[in-house]
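The structure appears right after this line, and notes come after that.
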Amino acid sequence: MSSTQAPRGFLRTWIFSVDHKVIGIQYLVASASMLFFGGLLAMAMRWQLAWPWTEMPIVGQLVFGDVGRVISPAAYTALFTMHGTAMVFFAILPLLTGAFGNYLVPLLVGAPDMAFPRLNAASFWIFVAAMGLFFAGFFVEGGAANAGWTSYPPLATLPSAAPGSGAGQTLWLLSIVVLGVSSILNALNTVVTVVKMRAPGMTWMRLPLTVWGLFVAASLQLAALPVLTAGGVLQLADRWIGTGFYTPAGLLVNSVAPDLVGATGGSPLLWQHLFWFYSHPAVYVMVLPAMGFVSDILSVNARKPVFGYKPMVWAIVSIAGLGLLVWGHHMFTSGLGFEMGRAFMLSTLLIALPSAVKTFNWIATIWGGRIRLTASMCFALGFVALFVIGGLSGLWLAATPVDVYLHDTYLVVAHFHYIVFGGTVLAVFGALHHWWPKMTGRALNETLGRWHCVGTFVALNCVFLPMHQLGIAGMIRRTADPSVYQLYERLAPLNRFVTWSAFALAAWQVLFVVNVLWSLRAGLRVGRNPWSATTLEWDAPSPPGHGNFDRDLVIVCGPYEYGDAVGEHDFRPQARPGV
Amino acid sequence: MTTAPLPFDSTLDTPRAGHVAVAWDSGPPVATARFGTWVFLASEAFFFGGLVAAYVVLRSSSTTWIEPLDERLGVLLTALLVASSLCAGRAVRRLRAGSRSGASGWLLLAAVCALAFLGVQAFEWHELAQAGFTPRSTLAGSAFYVLTGAHGLHVLVGVLWLAGSGLVVRRAGKSTLHVELAALYQHFVDLVWLFLVVLLYWL
Amino acid sequence: MRHLAAGIVVILTAVVVVLFAVSPRMGWWFPPAASTIAHSIDALFDWITVVIAIGFVLVMGLLAWAVWRGARARADRARTSHGHLGLEIGWSAAIAAVLVAIALGQLPTWAALRDPAAMPKGGATAMVDAHQWAWRFQYAGADGVLGTVDDLETASELVLPAGEPVLLTLRSRDVIHSFFVPALRLKQDVVPGRATPLWFTIERPGTYELVCAELCGLGHYAMAGRVRALSRADYDAWIAARVQARLTRGTEDVR
Ligand code: HEA
Ligand code: HEA
Ligand code: CUA
Ligand SMILES: [Cu+2]
C-alpha cells in the first residue's frame, strides 16, 4: 500500500505494518475467510436438516469419516454453536469494525492514520490469537463447544452434561475473552481517532454517516463488551476453580452429582443477563456501521444529499442508547418476572422507532434522485428491502405473548438472518464494491457485481423466507432432526427447499470470489474519485499512500453536497477544491 | 437500461506538490494519549460494573451469605492503596515542578505501597483459606475471591507501571507522559477499591 | 436494469404476501388452538401481522417506485434537498402511534399469562420434572396432596383435566429445558434451582405434542412428550384407577 514510500519487503508491508489501511485489509482477509468458514458449517447444518442422519457426500468423508460420514447429534450441536460464533464474533463484527472501521475512519475524517497505530496492529494480532483458540476447539477431546453461541449454563459449565462442555467450552470462552480484548483496543482506537483527529473544519455535523455508524458502534463496544468479558471470567472461574456463580444447588446429571462442582447456589439466569447485556448491543454493532455504508452509497449513487442528516444521526445515537436497555427481550420465557417482561417489551418496541425513521429517510434520499444502479447501489437497495423484513419480524418477537410461542422457533432464525445476512452482509458487499477502487486502485467488474447481487438476493430470500413458516408452525431451532414430531411432518418439503436454496446461495458466492481475483489482475484502473463522490477519502490517491493525503485538507462543507444547487458539477467535495 | 458509464473523474488526479509527510511514526500527540487512557478506564469501569452487578444480584437473592472478613484488614488495605495513589499524584506534581528525581522517588514509593497492598491481601487470602473460606466453599467465597482477585491483578499492573516509569523518568529528555498516565491509572484502581471495600467489608 | 431492480422488489413483496396467505392451507401455520390463551395470542399475532403487512407493502412500494423512477436516464440534475422537518415529525408520529398500539394491545394477554395475580388459587395440579432427555410428571395420590410418598407418576405423558384452569410446577435437575406445547401456545423455560409456575386452561379433551424448546444437549431434538387432556369425569376416573392400581400392585408403579 505504501506507494509514496521506498518499496519495503513483503513482511514489512503486509504483515508487520502499522498502517491502518494494511491492518484494515488484514482484518478483511481474516474475517472474510471466517465468513466463508461459517458458511460452510451452515451448509453441513442444512444437509442434516433436509436429510437427517444420511451420509453426506465428500464433506462427510472428510469431517465425519469416523461416524460413517453421518452427522452425529453431538456434531450437529457443535455445528450451529460454532457457526453462530464464527459468524457473529469472527466474521461480521470484525468485517465492520475491524476491516472497514480501520480502513475508512482515518480517511473519512481526514487523519493520516489511527490514533494509536501500534495498538491497532496489536489488536489485529490478538484477533488472530483468538481465531487460533476458536479453531483449537475442534481438535480437543469431546469436540468443539456445543451449548449454542449463547452458551447457557449449566449445560455449558458441566462437562458431564454435554461432550463439548469440557475442553471445547473452555477454549470457546478463552477465545471470546481474548477477542474481547482485541475488540476493545480497536474500539478505543476508533473513538479516539474520531474525537481527536478530525481534519480542520470537519465538525461533528459534517461527519459522513459511515463514520457516525462506526463511531457509535465502537462506543457501544466499549460500554457493553467488558460486561460480557466479566461474565466470561465468572464462567471460567466456575470451570477452573469450582466457584458457583452459575451453578444452582442440588444438580443431578443423569442422576449423579456432576464433578468439578465446588460452591453452589448460583443462578443460571445471571449468565443470560450478562450475555445479553452485551450480545443485544452487539447486534446493533452489527448493523449501525452497515446502515452508515448504505446511507453513503445511496446518496452518492442517487446524486442527492442524504435526506434528514440530523435525524439520521440522532437515530443512530438513540438506537445505541436504547440498545443497552432491551437485552431482556431474549429472556421473555426464561422466568423473567411479569413487570420485567413488560418493561423490556416497551423498550424493545421503542427502539423500532429510530430504525423506522432511518428506513423512511433512506427512501426519501433516493426519491427523485438520478439513480446510478451500480453494483454497490444494488446491494445497498437490497439492504434496505431486507432490513425492513427482518425488522418487521422483530415486532412479532417484541410482543411478549407472541414471543412466548415464537421464542426458540425458526421464526427467530429467520428474523436475524434477514437482518444480518440479508442486511449486513449485503451492505458489506456493497461497501466492498464502493471502496474497493480506493483500496486497490482497481474497480470490481460492475456487470459481474450486479449479477452477484441479484442472484444472492433471490437465493437468500429462498433460504430465509420459508423459515418464517417453519417458525410459525412451531418448529424449534437447534433441533438436529425435526421429523421427531408429527407436528412438523408437513414441514419436511420446506426444509429441503431451504437447503437446496442455501446450496445455491453458497455456490453463487463464487461469482464474488472470481470478481475479486479478476479485478486484482485486470480490474479497470481508477482515478482518485471514480464515483464523483464528496467525502474525503476520494480526495486521496487510489490507493492512498502512507499518511493518506498528499495535500493538507480544509473541510468546507458537509458530506452530502449533491444535486443542482452545489456548483458547476453535481457534487461538491468536502475538501477545498484542488490547489 | 444500464447505468451511465461511471464518470471516472481525472480532474483531481494530477499529482500535487507538497506531499505532507506526516511525522506519525513518532507516536500520537500527548492530548490524544491522555484522552485514550480516559476512554480505556471508562471501559474498565464497565468491566468492574459487570462484576459488581453480578455480586449484588447473587448476594441479594441469597439467604446464607456470610463473609468472615476482618474490617481492620479492610482499613489497612484501603490506607495502603490510597497512600499509593497519593504518592503517584505527588510524583506528577514534582514533575510539573521540574524535578525528575523527586518524581521518580514518589513513583517508587507509590509502587511500594501498592506492592504492600498485594502482600496484605495475599496474607488475608491465606488466613481466610485456613479458616475454610475458599472460592469452592460458598458462593460468598466465590464472589469475594473473584472480585478481589480481578482487582488485585489490576493493582499488579499498577505496580509494574509505576515502578517502570519511576525508573525511566530519571533519564532526562525522556517523555514524561507515562508518569501522568500511570498516576491516572493508579487513581482509577484506587477508586474501584473504595467501592469494593465498602461492598465487601461494610455492607 | 431498472426494471429488474424495481421488479425484484415488487415480486418479493408479492411472494411474501402470497406465501403468508397460502401457508395456513399448506399446513405451514399454527397448529389448531387448544387453550383459552391460545386464542388471544393468535388474535394478537393476526392483527400485528396486519399492521406489519401494511407497513411492509407501503415501504416496499415506495422503494420500488423510487428506484424505477429514479433510474431513468436523464440529463438534468436531482434537486438538492437536505430534508424536511415536517415529514420527519409526521412519519415518526405515525410509527410511534403504531408501536404504542402494539404495546398496549398485548398487555392483557401478557398479564393473563404471567401476572402472579392471575395464578389459579389452590395448589398445583401436577409437577413437571424435566431431565436429560425425558419428561416425568407427578400427581397428588390418595391423600390428595402433591409431593408426598403416595404421589402418582407418569413418564412422557402428562394427563390433565380439560375445561378448567390448571397449575403446573416446572422443575429441572440438570440443565435448562423448556416446556413447549405448540397447540396450547405455551412455552416456559425450566430452570434448574427454581420451581417455575405455569397456568392455563385447556379447552377440549385431546392429545397435544409436548416439545422441549431449549437446547439441553445431544438429546434435545428428541426430548418429546405428550399432553393428554381428559374431561373432568374421565380425569377423576383415571386418577382413581391409578390410585387403585397402586394399592393393589404396590409402589411398583405402572407406566
Ligand atoms: C443486526 C442484528 C439485529 C437487529 C438490527 C435486530 C433488530 C430487532 N430485533 Fe432482533 N435479534 C437478532 C439480531 C437483530 N435484531 C439476533 C441475532 C437474535 C437472536 C439471538 C439468538 O437467540 O440466537 C434476535 C432476537 C430478537 C428477539 C428475541 C427473540 C427470541 O429469542 O424469542 C427479539 C424480541 O423482541 C428481537 C426484536 C428485535 C426488534 C424489535 C428489532 C428492531 O430494532 C427492528 C426495527 C426495524 C423495523 C421495525 C423495520 C423498519 C421500519 C419500517 C419498515 C417502518 C414500518 C414500521 C412499522 C409499521 C412499525 N430480536
Ligand atoms: C451473524 C451472521 C450469520 C450469517 C451471515 C449466517 C449465515 C447463514 N446461516 Fe446462520 N446463524 C447465525 C448467524 C449467521 N448465520 C447465528 C448467530 C445462529 C444461531 C446459532 C445458535 O443457535 O447457537 C445461526 C443459526 C443458523 C441456523 C439454525 C441452526 C439451528 O438452530 O439448528 C441455520 C439453519 O439453517 C442457519 C443457516 C445459515 C445459512 C444457510 C447461512 C448462509 O447465509 C451462509 C451463506 C454464506 C456462505 C456460504 C459464505 C459466503 C461467503 C463468501 C463466499 C466469502 C465472501 C467474502 C467477503 C464478504 C469479503 N444459521
Ligand atoms: Cu430438554 Cu431441550
Ligand atoms: Cu436483541
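Working only within the stretch A:239-253, note down all residues that are within 14 Å of chain C (Cβ to nearest Cβ) and buried (at least 24 other Cβ atoms within 10 Å of the Cβ).
Selection gives A:GLY244, A:PHE245, A:TYR246, A:THR247.
Condition first: more than 14 Å from chain A (Cβ to nearest Cβ), in a strand (DSSP E or B) and not basic (Lys, Arg). Now tell me which residues in the stretch C:196-255 satisfy that.
The answer is C:THR201, C:ILE202, C:ALA229, C:LEU230.
Of the residues A:LEU444, A:LEU448, A:LEU386, A:LEU460, which single one is touching a residue at least 60 places away in the same chain (Cβ under 8 Å), in contact with a helix residue (DSSP H, G or I) (Cβ under 7 Å, 6 or more places away or on another chain) and not in a helix (DSSP H, G or I)?
The conditions single out A:LEU444.
Restricting to the stretch A:155-203, give me the number of residues that are within 14 Å of chain C (Cβ to nearest Cβ), assigned to a helix (DSSP H, G or I), touching a residue at least 24 places away in the same chain (Cβ under 8 Å) and of a type in the set (S, T, N, Q).
1
Given the options A:THR190, A:THR243, A:THR264, name the one that is under 26 Å from A:VAL326 (Cα atoms) and among the β-branched types (Val, Ile, Thr).
A:THR190
Any idea which of (1) touching a His at 6+ places or on another chain (Cβ under 9 Å); (2) away from ligand 3 (no atom under 16 Å from the Cβ); (3) of a type outside the set (Gly, Ala, Ser) is the one A:TRP451 doesn't satisfy?
(1)
Name the residue that is farthest from ligand 1 (Cβ to nearest atom), counting only residues in the stretch A:305-352 that are over 17 Å from C:GLU88 (Cβ atoms) and in contact with a strand residue (DSSP E or B) (Cβ under 8 Å, 6 or more places away or on another chain).
Checking each candidate, the answer is A:GLY335.
Yes/no per residue for (1) within 16 Å of ligand 2 (Cβ to nearest atom); (2) within 10 Å of chain C (Cβ to nearest Cβ); (3) basic (Lys, Arg):
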position: A:LYS304; (1), (2), (3): no, yes, yes
position: A:GLY308; (1), (2), (3): no, yes, no
position: A:MET312; (1), (2), (3): no, yes, no
position: A:SER318; (1), (2), (3): no, no, no
position: A:GLY321; (1), (2), (3): no, no, no
position: A:LEU324; (1), (2), (3): no, no, no
position: A:GLY328; (1), (2), (3): no, no, no
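Quick one: A:SER334 ticks every box in (1) under 24 Å from C:GLY105 (Cβ atoms); (2) more than 16 Å from ligand 3 (Cβ to nearest atom) except a single one, so which number is it?
So the condition that A:SER334 fails would be (2).
Output the number of the condition that A:SER31 fails; it satisfies all remaining conditions of (1) surrounded by fewer than 19 Cβ atoms within 10 Å (Cβ to Cβ); (2) of a type in the set (Ser, Thr, Tyr); (3) at pLDDT 95 or above.
With (1) surrounded by fewer than 19 Cβ atoms within 10 Å (Cβ to Cβ); (2) of a type in the set (Ser, Thr, Tyr); (3) at pLDDT 95 or above applied to A:SER31, the lone miss is (1).
A:ARG490 fails exactly one of the following numbered conditions: (1) among the basic types (Lys, Arg); (2) more than 9 Å from chain C (Cβ to nearest Cβ); (3) without any contact (Cβ under 8 Å) to a residue 24 or more places away in the chain. What is the number of that condition?
(2)
Take the stretch A:254-294 and flag every residue that is within 16 Å of ligand 3 (Cβ to nearest atom) and crowded, with 23+ Cβ neighbours inside 10 Å.
A:PRO268, A:GLN272
Looking at the stretch A:504-520, is at least one residue in a loop (DSSP other than H, G, I, E, B) and away from chain C (no Cβ under 13 Å)?
Within the stretch A:504-520 (the criterion being in a loop (DSSP other than H, G, I, E, B) and away from chain C (no Cβ under 13 Å)), the answer is no, since none of the residues qualifies.
Of the conditions (1) more than 16 Å from ligand 2 (Cβ to nearest atom); (2) over 18 Å from A:CYS557 (Cα atoms); (3) β-branched (Val, Ile, Thr), A:VAL283 clears all except one; give me its number.
(1)
Determine whether C:LEU168 is more than 19 Å from A:ILE476 (Cβ to Cβ), within 14 Å of another protein chain (Cβ to nearest Cβ) and touching a Leu at 6+ places or on another chain (Cβ under 7 Å).
yes
Rundown of residues vs (1) within 16 Å of ligand 4 (Cβ to nearest atom); (2) more than 21 Å from the chain's Cα centre (by Cα); (3) of a type outside the set (A, V, I, L, M, F, W, C), yes/no style:
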| residue | (1), (2), (3) |
| --- | --- |
| A:THR374 | no, yes, yes |
| A:ALA380 | no, no, no |
| A:PHE383 | no, no, no |
| A:GLY390 | yes, no, yes |
| A:TRP436 | no, no, no |
| A:GLY441 | no, yes, yes |
| A:ALA459 | no, no, no |
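Does A:GLY474 satisfy the condition of being under 28 Å from A:GLY24 (Cβ atoms) and either in a helix (DSSP H, G or I) or not acidic (Asp, Glu) (or both)?
no
Which count do you get for residues in the stretch A:527-552 that are of a type in the set (A, V, I, L, M) and more than 23 Å from A:SER17 (Cβ to Cβ)?
Count: 1.
Looking only at the stretch A:204-234, which residues are away from chain B (no Cβ under 13 Å) and touching a residue at least 40 places away in the same chain (Cβ under 8 Å)?
Across the stretch A:204-234, the qualifying residues are A:MET205, A:ARG206, A:LEU207, A:PRO208, A:LEU209, A:THR210, A:VAL211, A:TRP212, A:GLY213, A:LEU214, A:VAL216, A:ALA217.
Pull out all pairs, ordered by first then second residue, where Cβ-Cβ is under 8 Å, the residues are six or more apart or on different chains, the first lies in the stretch A:113-132 and is touching a residue at least 12 places away in the same chain (Cβ under 8 Å) and of a type in the set (D, E, K, R), and the second is crowded, with 23+ Cβ neighbours inside 10 Å and part of a loop (DSSP other than H, G, I, E, B).
Taking only residues 6 or more apart or on different chains, the pairs are A:ASP113/A:ASP19.
Hey, could you check the stretch A:330-343 for residues that are part of a helix (DSSP H, G or I) and in contact (Cβ under 8 Å) with a residue 24 or more places away in the chain and say which is nearest to ligand 2 (Cβ to nearest atom)?
Ranking the qualifying residues of the stretch A:330-343, first place goes to A:HIS330.
Give the residue, chosen from C:ARG79, C:ARG72, that is away from ligand 2 (no atom under 16 Å from the Cβ), touching a residue at least 60 places away in the same chain (Cβ under 8 Å) and within 10 Å of another protein chain (Cβ to nearest Cβ).
The match here is C:ARG72.
Take the residues in the stretch C:82-104 that are at the interface with chain A (Cβ under 7 Å from one of its Cβ atoms) and outside any helix (DSSP H, G or I), then tell me which one is surrounded by the most Cβ atoms within 10 Å (Cβ to Cβ).
C:GLY83
Looking only at the stretch C:173-189, which residues are more than 9 Å from chain A (Cβ to nearest Cβ) and either surrounded by fewer than 24 Cβ atoms within 10 Å (Cβ to Cβ) or in a strand (DSSP E or B) (or both)?
C:HIS177, C:PHE179, C:VAL181, listed by residue number.
Before we move on, is C:HIS3 touching a residue at least 12 places away in the same chain (Cβ under 8 Å) and either facing another protein chain (nearest Cβ under 9 Å) or buried (at least 16 other Cβ atoms within 10 Å of the Cβ) (or both)?
yes
The values are calculated or read from the model by the stated rules, or taken from the named source; none is laboratory data. For clarity, every value in this text was computed on a predicted model and none was experimentally measured. For neighbour counting, all protein chains shown are included, and Cβ atoms are generated from backbone atoms with ideal geometry for every residue, glycine included.
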